[in-house]
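Q: I'd like to ask some things about the structure below.
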Amino acid sequence: MAKDNQKLTGVQKAAILFITLGPEAAAGILKRLPEAEIQKITYEIANINSVKSEQKKEILQEFMEMNRAQDYLLEGGVDYARNLLSKALGTQRAMEILDKVIEATQQFRPFAIARKADAQQLLNIIGDEHPQTIALILCYLQADKSGQILSALPESMQAEVAYRIATMSNTSHMVVKEIEKVLDNKLSSVVKSDIKVIGGVETIVDILNQVDRTTEKNITEGLEKQDAELAEKIKESMFVFEDIITLDDVSIQRVLREVDTKELSLALKGCSEEVSETIFRNQSKRAAAALKEDIEFLGPVRLMDVEKAQQRIVNIIRRLDEAGEIVLARGGEDAIIV
C-alpha cells in the first residue's frame with residue numbers, strides 16, 4: 001500500500017471510501033453508523049479537496065479485503081480466516097489484514113459450530129441447561145435459529161429466557177469460556193471469543209420477529225408480569241412506523257380508517273418517499289391530494305412531535321394485529337397466510 005495511505009487515520013480512509021462509493025451507497029452505510037462517527041466522517045469528507053485515483057483504488061481494495069477477512073472469521077475462526085486469506089493474499093498480507101480487523105472490531109462470535117448446526121440439534125444439547133445459559137447462547141446465534149429454539153422451549157421457560165436476553169449486557173469472559181468448554185465436549189470443537197457486550201432489547205426483538213405469534217404473545221405476557229416497562233419497550237421496538245410498507249394494502253387501508261388525518265400528516269412529515277407513496281396509494285385520489293396539502297401546510301415541526309405521532313399510529317397497528325384484524329409479517333408458522 002502507498003505510504004500516503006499508511007499515514008491516514010481510519011476516519012480519513014472511511015471518508016475516502018465513501019467518496020469512492022458515491023452518494024447513494026455512502027448514504028446507505030452512513031445512516032447505520034453512530035451519530036458521533038457520522039460527524040467525524042462527514043467532517044473529513046468536507047475537508048477533502050481531491051483524491052488520487054490510485055489512492056481510491058487502494059483504500060477500496062483494503063476495505064474489500066477486511067470485509068472478506070471478517071466474513072471468514074465469523075464463519076470459521078482465526079485459523080480458518082488465516083488459511084484462506086494466506087492462499088489469496090500471501091501470509092504477510094493476510095496477517096496485516098487480520099490484525100486490522102481484530103483491532104477495529106475486537107469481537108469474534110463464539111459458538112461458530114453452533115451457528116452452523118441445525119436448530120433441533122442445538123435444542124437437544126442446550127434444552128436442559130439453565131435459562132441464563134440458554135439465553136447467552138441464543139445471543140450468539142442467528143436470529144432465525146434462536147427464534148426456532150425459543151419457540152420449541154417449554155412455555156414456562158420462554159419468557160424467562162427472553163427476559164434474560166433482553167436484560168443481558170456485559171458478560172464475563174470466564175462465564176463465556178466455561179460455557180464454551182461444555183459445548184466443546186458436546187460438539188467436539190474449540191470456540192474462542194473476545195466479545196464482551198451481547199444481548200439487550202435489540203437482540204430479543206430480532207429473535208421475537210422470527211417466532212410465531214403464539215410464542216411472541218406468551219413471551220410478552222410473561223415479560224409484562226416480570227417487568228412491564230421492559231415489555232413495553234420491546235413491543236415498541238418490534239414494529240416501527242417505517243415498517244408500514246411491509247403491510248399488505250388491505251391491512252394498510254384498515255389502519256388508515258383508525259388514524260386521524262392531522263395525525264397522519266404529522267407522522268408523514270419528513271419520512272421516506274417510499275412510506276409516503278405507500279400511504280397515498282391506499283387512499284382515494286381526493287384523500288391523497290388533501291393529505292399532501294396538509295403535509296405542505298404544516299411547515300417546520302419538531303422531530304419529537306413527528307415521532308410521537310408515528311408511535312401512536314404504531315400502537316394502532318399493534319392493537320389491530322393483536323385483535324387479528326391485520327397481520328404483521330413475522331417468522332414461524334404464521335409467516336405466510338394465503
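The values are calculated or read from the model by the stated rules, or taken from the named source; none is laboratory data. If you're wondering where the values come from, they're calculated on a predicted model, not measured in any experiment. Don't worry about glycine lacking a Cβ; one is built from the backbone with ideal geometry, like all the others, and counts go over all protein chains shown.
Q: For the subset of the range 293-324 comprising residues that are in contact with a Phe, Trp or Tyr (Cβ under 7 Å, 6 or more places away or on another chain) and more than 13 Å from C271 (Cβ to Cβ), which member is surrounded by the most Cβ atoms within 10 Å (Cβ to Cβ)?
A: Only one residue fits best here, namely I317.
Q: Kindly indicate whether E273 is of a type in the set (D, E) and touching a helix residue (DSSP H, G or I) at 6+ places or on another chain (Cβ under 9 Å).
A: no
Q: Please go through the range 104-131 and give me each residue that is part of a helix (DSSP H, G or I), under 14 Å from E180 (Cα atoms) and at pLDDT 80 or above, ordered by number.
A: At the first step, the residues of the range 104-131 found to be part of a helix (DSSP H, G or I) are 104-105, 112-116, 119-126, 131.
Okay, now just the ones that are also under 14 Å from E180 (Cα atoms), so 112-115, 122, 125-126.
Correct list: L122, I125, I126.
Q: Right, something else. How many residues does the range 253-310 contain that are of a type in the set (F, W, Y) and at pLDDT 90 or above?
A: Matching residues across the range 253-310 total 1.
Q: Give the range 126-181 a look and list any residue that's of a type in the set (S, T, Y) and touching a Cys at 6+ places or on another chain (Cβ under 9 Å), or say none. Break it down stepwise before answering.
A: The first filter runs over the range 126-181 and keeps only residues of a type in the set (S, T, Y), leaving 133, 140, 146, 151, 156, 163, 167, 169, 171-172.
Result: S146, T171.
Q: Checking L268 against (1) surrounded by 13 or more Cβ atoms within 10 Å (Cβ to Cβ); (2) of a type outside the set (K, R); (3) out of contact with any Ser or Thr (no Cβ under 7 Å at 6 or more places or on another chain), only one condition comes out false. Which one?
A: Among (1) surrounded by 13 or more Cβ atoms within 10 Å (Cβ to Cβ); (2) of a type outside the set (K, R); (3) out of contact with any Ser or Thr (no Cβ under 7 Å at 6 or more places or on another chain), L268 violates only (3).
Q: Still on this structure, please answer the following. Mind telling me which of the residues A231, A323 ends up being free of Cβ contacts under 8 Å to residues at least 24 places away in the same chain, under 30 Å from M157 (Cα atoms) and in contact with a Gly (Cβ under 9 Å, 6 or more places away or on another chain)? Talk me through it step by step, then tell me what you get.
A: Working: A323 fails: in contact with a Gly (Cβ under 9 Å, 6 or more places away or on another chain).
On inspection, the qualifying residue turns out to be A231.
Q: I've got another one for you. For the range 123-175: of the residues being under 19 Å from E216 (Cα atoms) and hydroxyl-bearing (S, T, Y), which is surrounded by the most Cβ atoms within 10 Å (Cβ to Cβ)?
A: S146
Q: Right, V250: modelled with pLDDT under 90 and farther than 23 Å from F297 by Cβ or not?
A: For V250, the condition - modelled with pLDDT under 90 and farther than 23 Å from F297 by Cβ - is not met.
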